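K.L.:
Take a look at the following structure, please.
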Amino acid sequence: MWQADPLADAAVADPAALTALRDHLGIDPDWLERDRLDRAADVLVRYGPQWGLVLGAASLLRGADNWIAAKPLVLTGRYGQEPAVRSIEVGNWLSAVVRPGGMAVGAPGFEHTVRVRMIHARVRRHIERTATWDHAAWGVPIPQPYMAFTLAEFGHIALAAMAHLGVRLRDDELADIYHLWRYVGHVVGVDDALNPTNEADHVRIEELYRLTSPGPDADSREFTTALIEGYLAEQLATMIPGPASWRRRTAVAVMYGMARVFLGDAAADSLGIPDGPTKHVVRAARPALTALDQVRLLALGRDRVTARGYVARDRELARLKADNAMEHDLVDAVPGAVGSTNHPIDA
């Protein structure tokens, strides 16, 4: 909890240290198999809608169940206030990472991931200088265990939630996905000792996160409500037929039901997620959703489904950005934002 990212933190403090970081990232680790990264991207993009839902209703909410981990976002003003913009920023990053060649050195996914690493370092620098952080009680801002947990959010937590939505993946497909997140962890600054390599490692990282978590607070619950009602349900409502008010109520109930299934009742209770019968509908729909997916793959073929997935994902991301009048990709492109190179504290 007191270990951060020495290479990136040094590069933020002294531009001359960028050379060491660049040299480190320019050499592929011995275990890396780049063809597996592309295979993983193809698998994930076949399930773009399901993945998008679970990244919000499972992954982000699982992370919210720890107010210390969320504290840097609270201090930088990017927690409950901007769930849509933050989610689209994550989508921008993922769309660059999860595509053929996306994580090649110098490719957009690689560059975006390095930018995320530097954003983390600038946020740590900002918090250190504002003197509002209790190191003895909380460790360092964005410590290694929480960086590793982010990989589990995109990995095992998301995959386990997708299974509830009828997604059934082969063992080799799952292994490729975990390989992708292992390399993302390497680039984003997770120490080798904590960088998970497979599903079992992801589960252990989740257990470590729970072990060091004091639980949620009022900010966590505010974020949960804002994310579900102010963003996720709004997106789901666009896919439901009927009058606007009915679509809205139905979408909110379904998203809360999904969150209950993904998180479990105890964690959902702690985050203030309302209970209701919708969770039983979500559970009951799983076999039918699995059957529908198998029919889709057989009727269209995996290659065609994959190609359509990339097109649909990019189109949906463009729509979301337009709907939210968002012109930047990551927060470091927002003038004056914490995490950007031109934030006043770094001037």
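The values are calculated or read from the model by the stated rules, or taken from the named source; none is laboratory data. Everything numeric here is computed off the predicted structure, so don't read it as measured data. Cβ placement follows ideal geometry from the backbone for every residue including glycine, while neighbour counts extend to all protein chains displayed. Note: accessible area is taken over every heavy atom of the protein model, side chains too, but ligands, DNA and RNA are not part of it. Shrake-Rupley method; radii C 1.70, N 1.55, O 1.52, S 1.80 Å.
K.L.:
Quick one: helix 244-263 against the long Cα principal axis of the chain, what's the angle to the nearest 10°, folded into 0 to 90?
P.N.:
With both axes taken from Cα atoms, the answer is about 60 degrees.
K.L.:
List the residues, sorted by chain then number, that are 5 or more residues from Val140 or on another chain and whose placed amide H is less than 5 Å from its amide H.
P.N.:
Trp2, Gln3
K.L.:
What shape does region 109-212 take by its C-alpha gyration tensor, where a ≥ b ≥ c are the square roots of the eigenvalues and a/c under 1.5 counts as rounded, a/b above b/c as prolate, and the rest as oblate?
P.N.:
prolate
K.L.:
Further, regarding this structure: At 0.36 nm per residue, minus the direct Cα-Cα distance, what do Leu292 and Gln3 gain on full extension? Give it in nm, one decimal, please.
P.N.:
Extending this stretch completely gives an extra 99.5 nm.
K.L.:
Return one whole number: the accessible area per residue of region 195-307 in Å², for a 1.4 Å probe.
P.N.:
Heavy-atom SASA per residue in region 195-307 reads 51 Å².
K.L.:
Still on this structure, I have one more. State whether region 66-150 is rounded, prolate or oblate according to the following rule on the C-alpha gyration tensor (a ≥ b ≥ c being the square roots of its eigenvalues): a/c under 1.5 gives rounded; otherwise a/b larger than b/c gives prolate, and the remaining case gives oblate.
P.N.:
Here region 66-150 falls in the prolate category.
K.L.:
Also, quick follow-up: Tell me the label-point distance for the pair Asn324, Val203, using the 7 Å Cα-to-Cβ offset, in nm and rounded to one decimal.
P.N.:
A separation of 3.4 nm, rounded to one decimal place.
K.L.:
Now for a separate question. Dipole magnitude of region 44-152 about its Cα centre, charges +1 at Lys/Arg Cβ and -1 at Asp/Glu Cβ only, in debye to the nearest 20?
P.N.:
180 debye
K.L.:
Based on alpha-carbon centroids, what's the gap between region 192-260 and region 113-136 in Å, whole number please?
P.N.:
Taking the Cα centre of region 113-136 as reference, the centre of region 192-260 is 25 Å away.
K.L.:
Which angle from 0 to 90°, rounded to the nearest 10, does the C-alpha axis of helix 286-300 make with the longest principal axis of the chain?
P.N.:
90 degrees
K.L.:
Further question on the same structure: Return the single residue from Trp51, Trp133, Trp93 with maximal mean-square fluctuation; model: Gaussian network over the chain, springs between Cα atoms under 10 Å.
P.N.:
Greatest mean-square fluctuation among the candidates belongs to Trp133.
K.L.:
With everything on Cα atoms, drop me the angle between helix 199-211 and the longest principal axis of the chain, reported from 0 to 90° to the nearest 10.
P.N.:
Compared with the principal axis, the helix lies near 70 degrees.
K.L.:
Moving on to the next point. Evaluate the charge dipole of the chain about its Cα centre and quote only its size in Debye, nearest 20, assuming +1 on the Cβ of each Lys and Arg and -1 on the Cβ of each Asp and Glu.
P.N.:
My answer is approximately 1200 debye.
K.L.:
What dipole magnitude, in Debye to the nearest 20, does region 212-306 give about its Cα centre under +1 on Lys/Arg Cβ and -1 on Asp/Glu Cβ?
P.N.:
Around 560 debye, computed over region 212-306.
K.L.:
5 Å is the cut-off here: which amide hydrogens, built 1.01 Å from N in the peptide plane, fall below it relative to Ala107, excluding neighbours closer than 5 in sequence?
P.N.:
Counting only residues 5 or more places away or on other chains, the set is empty.
K.L.:
Determine the distance separating the Cα centre of region 43-111 from the Cα centre of region 265-344; give it in Å without decimals.
P.N.:
Taking the Cα centre of each part, region 43-111 and region 265-344 sit 9 Å apart.
K.L.:
When a/c is below 1.5 the answer is rounded, else prolate if a/b is larger than b/c, else oblate, so apply that to region 187-307 with a ≥ b ≥ c taken from the square roots of the Cα gyration tensor eigenvalues.
P.N.:
oblate
K.L.:
Further question: Explain nothing, just compute: Karplus ³J(HN,Hα) = 6.51 cos²θ - 1.76 cosθ + 1.60, θ = phi - 60°, for every residue of region 24-40 in order, whole Hz, x for Gly and Pro.
P.N.:
4, 7, x, 10, 5, x, 4, 7, 6, 10, 5, 5, 5, 5, 5, 5, 4
K.L.:
Tell me, what ³J(HN,Hα) does each residue in region 102-111 have, in order and in whole Hz, if you take phi through Karplus 6.51 cos²θ - 1.76 cosθ + 1.60 with θ = phi - 60° and put x for Gly and Pro?
P.N.:
Karplus-based 3J(HN,Hα) across region 102-111 equals x, 9, 5, 4, x, 6, x, x, 4, 5 Hz.
K.L.:
Determine ³J(HN,Hα), in whole Hz, for all residues of region 89-95 in sequence, where each value follows from phi through the Karplus function 6.51 cos²θ - 1.76 cosθ + 1.60 and θ = phi - 60°; x replaces Gly and Pro.
P.N.:
My calculation for region 89-95 gives 4, 4, x, 4, 5, 5, 5 Hz in order.
K.L.:
Still on this structure, please answer the following. Most fluctuating residue of His186, His202, His24 in a GNM of the chain with Cα springs under 10 Å: which is it?
P.N.:
Greatest mean-square fluctuation among the candidates belongs to His24.
K.L.:
Next up: Would you calculate a helix-derived [θ] at 222 nm for the chain, using -39,500 (n - 2.57) for each DSSP H run of n ≥ 4 and dividing by the full residue count, to the nearest 500?
P.N.:
-19500 deg cm²/dmol
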